Amino acid sequence: MHDGARCADHRRVGFRRGAGIQADLKTFEAHGVYGTSVLTLITAQNTRGVQATHPLPPGLVAAQLRAVLDDFPVAAVKTGALGNAGLVRAVADALRGRHLLLVVDPVMLAKSGDALLDDGALHALRDELLPLATLVTPNVPEWAALRAAGVPDTTPLLLKGGHAPGETVTDELRAHGHHLMLSAARQHTRHTHGTGCTLSAAITANLARGLALPDAVRAAHAYLQGAIRAAPGLGAGHGPLGHRAAGEQVQPTPHPT
């Protein structure tokens with residue numbers, strides 16, 4: 001494993017659940033990178049749904065982010081639920097000019113369907129954060145919303161196919177001259193809480209480990225399938241994934257010769 005790689009993550013934190021910051025940090029650990037975090041949106045949430053949300057003040061989020069970036073040798077960054085336009089701008093302002101690998105997971109809805117991004121934030125995403133991204137990882141409804149807000153087709157994209165019908169789920173990478181289709185049989189299970197978080201976190205970890213973008217996406221796709229299969233079966237609703245068990249299949253980063 002690449003012990004020197006550091007991943008910064010700024011997103012929501014939820015209590016007693018399997019997505020958001022918990023899924024990200026577990027995924028980073030499974031990939032042998034050291035995860036740090038910046039909290040943006042606190043939720044009271046479990047596998048059944050979201051009971052309450054509280055976006056943190058943009059100034060506090062910016063201070064957290066500066067504290068991490070000024071101290072740790074961050075190799076790659078990912079974002080998740082940002083809540084509102086003020087938080088999007090705070091994160092973009094803190095990252096601008098640092099030239100870091102950045103994976104943007106444009107989280108708009110929780111698995112339960114509860115909103116985690118207000119309508120006014122879409123234009124801030126389009127104008128402030130997405131231009132900084134190495135990769136954006138929307139699902140089909142999120143990409144439709146971004147396109148309606150004027151996000152261009154040239155955006156470096158991993159379009160996730162889990163919301164599309166059919167027994168085969170296909171993710172499509174269109175970024176930086178790469179075009180890759182990754183397919184897997186649909187796993188019929190309610191234990192899918194945090195799949196989007198886990199996939200984008202795995203991509204970020206793989207980029208931090210030095211993998212090229214297509215290889216980072218391909219390895220993350222395989223990791224996610226294993227994490228769904230290894231789900232521990234917790235909760236009465238959409239249960240969490242098996243991050244640690246899936247990590248046993250993560251290949252060590254080859255050292256340069």
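What does the convex hull of the Cα atoms come to per residue for the chain, in Å³? Working shown, then result.
On the way: hull volume 30.3 nm³, N = 257.
Given the Cα convex hull of the chain, per-residue volume reads 118 Å³.
Full extension of the segment from Q251 to A63, taken as 0.36 nm per residue of separation minus the current Cα-Cα distance, would add 64.2 nm.
For G239, the residues 5 or more places off, or on other chains, whose built amide H falls under 5 Å of its own are H191, T192, H193.
Express the accessible area of the stretch 116-234 per residue in Å², computed with a 1.4 Å probe while the remaining protein chains stay in the model. Please list the in-between numbers first.
On the way: 4880 Å² over 119 residues.
In whole numbers, the stretch 116-234 has 41 Å² accessible per residue.
Remark on A76: its backbone amide H falls under 5 Å from those of R6, A8, a criterion applied only to residues 5 or more positions apart or on other chains, H modelled at 1.01 Å from N. With contributions of -39500 (n - 2.57) from each DSSP H run of at least four residues, the per-residue ellipticity at 222 nm computed over the chain stands at -9500 deg cm²/dmol. Centre-to-centre separation between the Cα atoms of the stretch 156-219 and those of the stretch 66-138: 18 Å. Loop sites here are GluC sites (Glu not before Pro) outside DSSP states H, G, I, E and B with no more than 12 other Cβ atoms within 10 Å. The longest part of the chain free of them is 1-166. When Rg and the Kirkwood radius Rh are both evaluated on Cα atoms of the stretch 58-99, their ratio Rg/Rh stands at 0.94. 3J(HN,Hα) along the stretch 172-189: 10, 8, 9, 7, 6, x, 9, 9, 9, 10, 10, 10, 8, 5, 5, 8, 7, 8 Hz, from the Karplus curve 6.51 cos²θ - 1.76 cosθ + 1.60 with θ = phi - 60°, whole Hz, x for Gly and Pro. The shape of the stretch 123-187 can be summarised by an equivalent ellipsoid whose semi-axes, obtained from the alpha carbon gyration tensor, come to 23, 14, 8 Å from longest to shortest. Legend: Rg and Dmax of the stretch 149-206, from Cα coordinates, 12.8, 35 Å.
Take each uninterrupted DSSP H stretch in the chain, measure its Cα extent along the helix axis, and return the ones at 18 Å or beyond whose mean Kyte-Doolittle hydropathy is at least 0.5.
Working: long enough: 195-208 (20 Å, 1.07); 213-229 (24 Å, 0.16).
Once both thresholds are applied, what remains is 195-208.
Per residue, what volume in Å³ does the convex hull of the Cα atoms of the stretch 25-140 enclose? Please list the in-between numbers first.
Numbers: hull volume 13.4 nm³, N = 116.
About 116 Å³ per residue, rounded to a whole number.
How would you order 129-135, 153-159, 185-191 from highest to lowest mean count of nearby Cβ atoms within 10 Å? Each step should come with its number before you reach the end.
Numbers: 129-135: 20.0, 153-159: 16.3, 185-191: 13.4.
Peptide ranking by packing, descending: 129-135, 153-159, 185-191.
Counting only the Cα atoms, the stretch 159-257 fills a convex hull of 102 Å³ per residue.
The values are calculated or read from the model by the stated rules, or taken from the named source; none is laboratory data. Being a predicted model, the structure only gives us computed values, none of them experimental. A quick note on method: Cβ atoms are made from the backbone with ideal geometry, for glycine too, and the neighbour counts reach across all protein chains shown. What goes into the accessible areas is simple: the full protein's heavy atoms, side chains included, and nothing from ligands, DNA or RNA. Shrake-Rupley method; radii C 1.70, N 1.55, O 1.52, S 1.80 Å.
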